[in-house]
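Inspection log for the structure reproduced underneath, given as structure tokens.
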Amino acid sequence: MRLQGRLLKALTILVVTTAIVLGVVTCGKKDSGEIRIGVITPLSGEGATYGEATKRGADLAVEEINKAGGIQGSKVRLIYEDDKIDPQEGAKAIQKLISIDKVPIILGAFGSSVTLAIAPIAEREHVVLFSASSTADAIKDAGDYIFRNVPPNSQQGKSAAEFAIDKLNAKYASVLFMNNDYGISLSKSFEGSFTQKGGNILSIDSYSAGDRDFRAQLAKIKNQTPDVIFYPGHYQESGLILKQAKELGIKVPFVGGDGSYSPELLTIAGNSAEGSYYTLMAMGYGVADDEIKEFMRAFKAKYNAEPDVYSAYAYDAMRIIIDAIGNGGYTSEGIKRALYAINNFKGVTGFTSFDQFGEVDKQFYIYVVWQGTFVRYKSGG
């Protein structure tokens, strides 16, 4: 009996030891063989075109790095979660990526309201959150683990106001904004900058995401006879606003934000979009022309389409993330330190450096709808 007990004990130790060794080997292979990065973006619903642009840019960057050998020999895999540009869906997505997929960094979200909803979760769990498109000013104070490679709405609204006064010679403006974090911060920025430059705000009205009838607000604005209408929102509502404005006989120029920039706006509005203007994050023209040329070539070869600025910023964001993992290691703390240490990372959107808030200093351009397409505005023509 004593011998049987010793044999049983030895067999138990052998089994347990083997299980532990196998477990360690298995985990080691999984961790060293694959770098997983989460992505939260709208892949369905009304914001799907935003998500498609984000996915194309991020996928191209990962394809290029994997073809070059990955990160120190480990291939990169993106794990996508669909937020439908809805804060509640975004919260579900980030909780899944953190608790199940165990990712130390997430690219996202696209919409400012979603980013602001999930930033506290990322901050609490010490997971890096990196947005390539959210511009609401409040993101600046969202936490130590929150980064973005796009400038804030305070700069975007200022750019729109300066353009309205300096280029459109507007003295009186009306504002019609989407009532969310994005629209509110842009509206306030435009109002402050426009009045500071000597302009007058005649009226400020809002609408909710998903609204389809804007005739009441537009009729009020028409009676105000402004020189320009600033209308920050998303492309679905913006397209309908332009269409209904034309039906009401409103002929003054509309100036929108980057959220309206989408081929879908042109589909919805038709020729009603002609001559409308939009602030948009800038590519690195003049400082990264070679990088832009190569990016556009690679993008067109992969997708048989021209890239938009959202794809460019997602592409750069992913390249910056990959650089941070290579330099800081595959942990949230290492990635965070490496991001803060980045100095003038050269990409298709120009040079990127982060301040103590995880913010960047970049400019906005003005685009105009001309002959049914978005064209970068150039003074004098």
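Since every read-out is calculated from the coordinates, none of them should be taken as a lab result. Here the structure is a predicted model, which is why all the values come from computation and not from measurement. A quick note on method: Cβ atoms are made from the backbone with ideal geometry, for glycine too, and the neighbour counts reach across all protein chains shown.
Packing, as the average of other Cβ atoms within 10 Å across residues, places the peptides 174-182, 44-52, 67-75 in the order 174-182, 44-52, 67-75, highest first.
What shape does region 52-113 have by the C-alpha gyration tensor, where a ≥ b ≥ c are the square roots of the eigenvalues, rounded means a/c under 1.5, and otherwise prolate means a/b greater than b/c and oblate the rest? Here region 52-113 falls in the oblate category. The dipole here belongs to the chain: it is taken about the Cα centre, uses +1 on the Cβ of Lys and Arg and -1 on the Cβ of Asp and Glu, and is about 880 debye.
Answer with one residue from Gln363, Ala314, Ser154: the one whose Cα lies farthest towards the positive end of the charge dipole of the chain, charges on Cβ with Lys, Arg +1 and Asp, Glu -1. So the residue furthest toward the plus end is Ala314. For region 259-275, putting each phi into the Karplus relation 6.51 cos²θ - 1.76 cosθ + 1.60 with θ = phi - 60° gives couplings of x, 8, 6, 6, x, 5, 4, 5, 5, 5, 7, x, 6, 5, 7, 4, x Hz, in residue order, rounded to whole numbers and with x for Gly and Pro.
Relative to the current alpha-carbon distance between Asn327 and Tyr172, full extension at 0.36 nm per residue lengthens the span by 50.7 nm.
Tell me the net charge near Ala164. Cut-off is 13 Å between Cβ atoms, Ala164 excluded, with +1 for each Lys or Arg and -1 for each Asp or Glu. After counting each charged neighbour, the total is 0. In this structure the amide hydrogen of Ala282, modeled in the peptide plane, comes within under 5 Å of the amide hydrogens of Gln363, Tyr365, none closer than 5 places in sequence on its chain. Extension gain for Asn271-Lys346 works out to 23.2 nm (0.36 nm per residue, less the C-alpha to C-alpha distance). Each label was represented as a point 7 Å from its Cα along the Cα-to-Cβ direction; for Ile79 and Arg297 these points are 3.6 nm apart.
With contributions of -39500 (n - 2.57) from each DSSP H run of at least four residues, the per-residue ellipticity at 222 nm computed over the chain stands at -16000 deg cm²/dmol.
Applying 0.36 nm per residue to the separation of Asn223 and Glu64 and subtracting their alpha-carbon distance, the gain on full extension is 51.8 nm.
Listed by chain and number, the lysines placed with their C-alpha closer than 16 angstrom to that of Lys378 are Lys167; residues fewer than eight positions away on the same chain are left out.
Among rounded, prolate and oblate, which fits the chain when a ≥ b ≥ c are the square roots of the eigenvalues of its C-alpha gyration tensor, a/c under 1.5 means rounded, and a/b larger than b/c means prolate? Because a/c hits 1.5 or more and a/b exceeds b/c, the chain counts as prolate. From largest to smallest, the equivalent ellipsoid semi-axes obtained for region 167-232 from the alpha-carbon gyration tensor read 20, 15, 8 Å.
Charging the Cβ of each Asp and Glu at -1 and of each Lys and Arg at +1, and nothing else, the dipole of region 269-381 about its Cα centre rounds to 180 debye. Cross-link pairs exceeding 22 Å in C-alpha to C-alpha distance, out of Lys84/Lys246; Lys171/Lys220; Lys158/Lys293; Lys171/Lys243, comprise Lys84/Lys246; Lys158/Lys293; Lys171/Lys243. Computed from phi, the 3J(HN,Hα) profile of region 230-235 under the Karplus parametrisation 6.51, -1.76, 1.60 (θ = phi - 60°) reads 9, 9, x, x, 9, 5 Hz, with x in place of Gly and Pro.
Ordering 77-86, 354-363, 317-326 by mean Cβ neighbour count within 10 Å, with the highest value first, yields 317-326, 77-86, 354-363. Taking a ≥ b ≥ c as the square roots of the eigenvalues of the Cα gyration tensor, region 211-315 is prolate, since a/c reaches 1.5 or more and a/b is larger than b/c. Between the helical axis of 309-328 and the longest alpha-carbon principal axis of the chain there is an angle of about 30 degrees.
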